[in-house]
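Structure, as structure tokens:
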Amino acid sequence: MSASVLPAQPFAFDGVVGAWSPTAYDDQIVGGLTGSVSISAPGGPGSGLALRAWLAERSVAYCKAVVEPENLDVKRCLHEAGFYVVNSTAEALFRHTQAEDFSVPAGLSIETEPDAARRSAIVALGDRVMRHGRFHEDANMRALVERRQHVIMAKQMADPACLFQAGLDARGELCGYTIYRLRGREIELIAMGIDTERGVTGLGYWSASLRTICAAHAPRRIRARFTLTNIGVLNIYVRLQALIHAPKDEFAWIPRSLPAAEARRRIA
């Protein structure tokens, strides 16, 4: 699951100006070249079709782009090229850590330093959560994005710099997890998941877990990835007295003209 970052390559064609930053992944992830594009000038209507052809000519198997939400011209170009909206990235600046008391799910407790056995159980639960996650309606896109995100998450879980939190139900059984990194007074949220069979809601667990993290580390800033239309998660940040700023929309692209057999091979 190795990857090497290659030099950025500027491009300009049909009014589209930007740069391609490739990352060479092995076949265990997507079976081909992946990377990201940044667009400084999107060109006029139809320019996205040229971008799609440019990526296809280079046999790109997966490409992402991060765009400011208000940059509608770049979004239009990406939509024309066949990109999907995948996620949003945002930062929350905390004014203070005295958060309002949330309604914690009955019997829920947060274990802040899980032992090796519990961490192994978290990895297994995280694997199950990723396999049943949701991304897109397009079957090929969904499987490919899930596979890539799954591999990335697995590598992050193995990072010794990552901190784990375990959510335990009334019987002391694992019902949720949170994985994050601590960088000085900044926290980077990596992953969160729940065991839906344990009767714990995602928002209920997430609010309790995030409040525990804030109380333990008093962060000045939290970096997170979530869909900005997820009103429940936004409400959690607001009630934690957090200021959301600098949101970015993340798009992803795969070749949409692959023969069915080839698409299945790449995402199997």
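The values are calculated or read from the model by the stated rules, or taken from the named source; none is laboratory data. Because the structure is predicted, anything quoted here is derived from the model rather than measured. Glycine also receives a Cβ, built like all others from the backbone with ideal geometry; neighbour counts cover every protein chain displayed.
In the set (1) of a type in the set (Gly, Ala, Ser); (2) under 18 Å from residue 126 (Cβ atoms); (3) surrounded by fewer than 19 Cβ atoms within 10 Å (Cβ to Cβ), residue 199 fails one condition alone, (2). Scanning the stretch 202-225 for residues that are crowded, with 16+ Cβ neighbours inside 10 Å and within 19 Å of residue 157 (Cα to Cα) yields 206, 209, 210, 213, 222, 223, 224.
Every residue, every condition in (1) in the same structural domain as residue 35 (by TED's automatic domain parsing); (2) touching a strand residue (DSSP E or B) at 6+ places or on another chain (Cβ under 8 Å); (3) more than 26 Å from residue 95 (Cα to Cα), yes or no:
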| position | (1), (2), (3) |
| --- | --- |
| 176 | no, yes, yes |
| 183 | no, no, no |
| 191 | no, yes, no |
| 194 | no, yes, yes |
| 208 | no, yes, no |
| 219 | no, yes, no |
| 223 | no, yes, no |
| 236 | no, no, no |
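Taking the criterion of being of a type in the set (Asp, Glu) and in contact with a strand residue (DSSP E or B) (Cβ under 8 Å, 6 or more places away or on another chain), the only residue of the stretch 30-75 that qualifies is 68. Counting only strands (runs of 3 or more DSSP E) wholly contained in the stretch 54-139, the ones carrying 1 or more residues that are assigned by TED's automatic domain parsing to the domain that holds residue 206, at pLDDT 90 or above and within 26 Å of residue 152 (Cβ to Cβ) occupy 109-111. Checked against (1) at pLDDT 85 or above; (2) in contact with a Ser or Thr (Cβ under 9 Å, 6 or more places away or on another chain), residue 43 passes all but a single condition, namely (2). With the requirement that a residue be of a type in the set (Gly, Ala, Ser) and assigned to a helix (DSSP H, G or I), what does the stretch 39-53 give you? Correct list: 47, 48, 50, 53. Only residues that are surrounded by 24 or more Cβ atoms within 10 Å (Cβ to Cβ) and in contact with a Leu (Cβ under 7 Å, 6 or more places away or on another chain) were counted in the stretch 168-179, giving 2.
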